[in-house]
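We did not get these values from a lab; they are worked out from the coordinates using the rules stated. On a predicted model such as this, the values are computed, not experimentally measured, just so you know. Neighbour counts run over all protein chains shown; Cβ positions are idealised from the backbone, glycine included.
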Amino acid sequence: MPELKYKRILLKVSGEALAGDAHRGLDFAVVNELCQSVKACVDMGVQIGLVIGAGNFWRGVKDGADKMQRSHADAMGMLGTVMNAIAVADALNRHGMDARVLSAVEMNKFAEYFTHDLAERYLNEGKVVLFAAGTGNPYFSTDTGAVLRGVEIEADAVLMAKNVDAIYSADPAKDPTAVRYSRLTYGEVLAKNLKATDITAMALAMDNDMTMVCFGLNEENSIVRVVRGEEIGTTVKNRF
């Protein structure tokens, strides 16, 4: 059994990452690759909580900006996370794992209602737990929801699997001089106003001394490499 740096993780995967080159909907080749990585971690004994964004279906702030009431736009985003969670849970089960969807909003026909005790029980039983519907409230991103669930389940780290391979000083797709960071403190992220995730998620992680790793989902074996302790992407902590 390989040595693990992180034995219980909260893995956040952006909805856009699951859309692949189509940028909308689900690319099941990408979903299957995610399942293979999750299974490799489960087989090593890692306990996994998983949050999937909804950007492949709907981005509340962007898609609904100035077109509809923010609470309604965010409600649509929360429903998008439930759709993604159901799809990924189905794929995980097809790959031989036991995956359960816990929703922050009651919808008993589609998912179980989230409670800390139920999540803790499932994780200890070796199940992969997908947390859906964000925090259950508007005005909070799925990144914030992921950090919240990570804190609640006392994860060793929150792993942010994005379309970008690390945190940069600027958008590397637009600025070729953008600086790539391998390590940052939360204070540095906030002081430099780096766009790793939203400020609420960062502040919640900082206040609860939660380690965060931001890395590219598309890098080969990236999730397994992170849980084993390989420093890929950017690690963010209060202190090193």
Task: GNM flexibility winner over the chain from Phe140, Phe215, Phe131 (Cα, springs under 10 Å) - done: Phe140
- [ ] May I ask you to compute the full-extension gain from Phe28 to Glu125, defined as 0.36 nm times their residue separation minus their alpha-carbon distance, rounded to one decimal in nm?
- [x] 32.2 nm
Task: Relative contact order (%) - region 7-50, alpha-carbon pairs under 8 angstrom, separation at least six - done: 55
Task: Ratio of Rg to Rh over region 134-231 (Cα coordinates, Kirkwood Rh, two decimals) - done: 0.95
Open item on the list: With a cut-off of 8 Å between alpha carbons and a minimum separation of six or more residues, what is the relative contact order of region 40-148 in percent?
Closed with: 33
Task: Spatial separation of Cα centroids for region 167-240 and region 83-157, in angstrom - done: 23
Open item on the list: Please report the antiparallel percentage of DSSP beta bridges with both residues in the chain, rounded to the nearest 5.
Closed with: 15
Open item on the list: Once you keep just the Cα pairs under 8 angstrom separated by 6 or more residues, what percentage relative contact order results for the chain?
Closed with: 22
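Just to be sure I understand the rule: take each whole DSSP H helix in the chain, project its Cα atoms onto its long axis, keep it if the span is 30 Å or more and its mean Kyte-Doolittle hydropathy is at least -1.0. Which ones pass?
70-94
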TODO: For each of Asp43, Asp66, count neighbouring Cβ atoms within 10 Å of the residue's Cβ, then give the residues from fewest to most.
DONE: Asp66, Asp43
Task: Fewest-first ranking of Ile199, Ile223, using other Cβ atoms within 10 Å as the exposure measure - done: Ile199, Ile223
Task: Rg(Cα) / (2.2 N^0.38 Å) computed for the chain, rounded to two decimals - done: 0.94
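Hey, could you grab the Kirkwood Rh for region 83-150? Inverse mean 1/r over distinct alpha carbon pairs, Å, one decimal. List each step's numbers first, then the result.
Details: mean 1/r = 0.0817 Å⁻¹.
For region 83-150, inverting the mean 1/r across all distinct Cα pairs yields 12.2 Å.
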Open item on the list: Is the C-alpha gyration tensor of region 1-88 telling us rounded, prolate or oblate? Criteria: a/c under 1.5 is rounded; beyond that, a/b larger than b/c is prolate, otherwise oblate.
Closed with: prolate
